[in-house]
Amino acid sequence: MTNRCKFEDLKLDLNKDLNVLINESYQAYSNTLLNNEITFKNKKLILKTEKDLHTMKELGFEHIVSMKNNLGLRIYDKNRMIYMPIIEKIFNNCCYEQCSSIKIYKDKKDICIWCKRLAYLIILSERKNGYLLQTAYPIIYNHKRKEVERKANENGIY
């Protein structure tokens, strides 16, 4: 088995200018998540479609590509943006093909989809009409990776 994910080449270029990455990741978000019906466990994937008044982009997008700083403000993070084209692939391919790198587990009320190979975590909240995509981000710190691995082993549902 190879250590490389077949979708890894879809990642955006981390070395690009921040504004270019914002635009490319938003285009990927629009093309793959907003404009496609994606399902998880036979229920619709729901996105936060309300617009951020400053950026005029959907709150779901803003939450995925940004992180809180020490002041509690959300700032754009290139490391989050580069994975945007892969999110749809995780739902439409990896989860259904039973990829050995995908671990799905519960963390309190949230459902977490962890791609070990890409070190990437997607967080969903179950709703009556589907699953709300809360956020998604790469696991870059070793202590967080250990925590995710422990929770996946203790609370795994697949």
Checked region 63-118 for anything in contact (Cβ under 8 Å) with a residue 40 or more places away in the chain and either small (Gly, Ala, Ser) or farther than 27 Å from residue 35 by Cβ (or both); matches are 100, 101, 103, 105, 106, 107
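Confirm whether residue 141 is within 23 Å of residue 38 (Cβ to Cβ) and among the aromatic types (Phe, Trp, Tyr). Before you say what the answer is, go through the steps one by one.
Numbers: within 23 Å of residue 38 (Cβ to Cβ): no; among the aromatic types (Phe, Trp, Tyr): yes.
Considered against the rule, which asks whether it is within 23 Å of residue 38 (Cβ to Cβ) and among the aromatic types (Phe, Trp, Tyr), residue 141 comes out as no.
Within region 46-62, track down each residue that is closer than 21 Å to residue 127 by Cα and in contact (Cβ under 8 Å) with a residue 12 or more places away in the chain.
Taking region 46-62 and keeping what is closer than 21 Å to residue 127 by Cα, we get 46-51, 58-62.
Within region 46-62, 46, 47, 48, 49, 58, 60, 61, 62 meet the criteria.
Where in region 65-158 are there strands (runs of 3 or more DSSP E), lying fully within it, with 1 or more residues that are in contact with a helix residue (DSSP H, G or I) (Cβ under 8 Å, 6 or more places away or on another chain) and aromatic (Phe, Trp, Tyr)? Please lay out each step first, then the result.
Numbers: elements: 66-68, 74-76, 102-107, 110-115, 120-127, 130-138.
Once the strands (runs of 3 or more DSSP E) in region 65-158 are filtered for at least 1 residues that are in contact with a helix residue (DSSP H, G or I) (Cβ under 8 Å, 6 or more places away or on another chain) and aromatic (Phe, Trp, Tyr), what remains is 74-76, 102-107, 110-115, 120-127, 130-138.
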State all residues of region 11-45 that are part of a loop (DSSP other than H, G, I, E, B) and touching a helix residue (DSSP H, G or I) at 6+ places or on another chain (Cβ under 6 Å); if no residue qualifies, say none.
12, 14, 38
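Bear in mind that the values in this text are calculations on the coordinates, not laboratory data. Fair warning: this is a prediction, and the values are worked out from it, not measured in the lab. Neighbour counts are summed over all protein chains in view; Cβ atoms, including those assigned to glycine, are modelled from backbone coordinates with ideal geometry.
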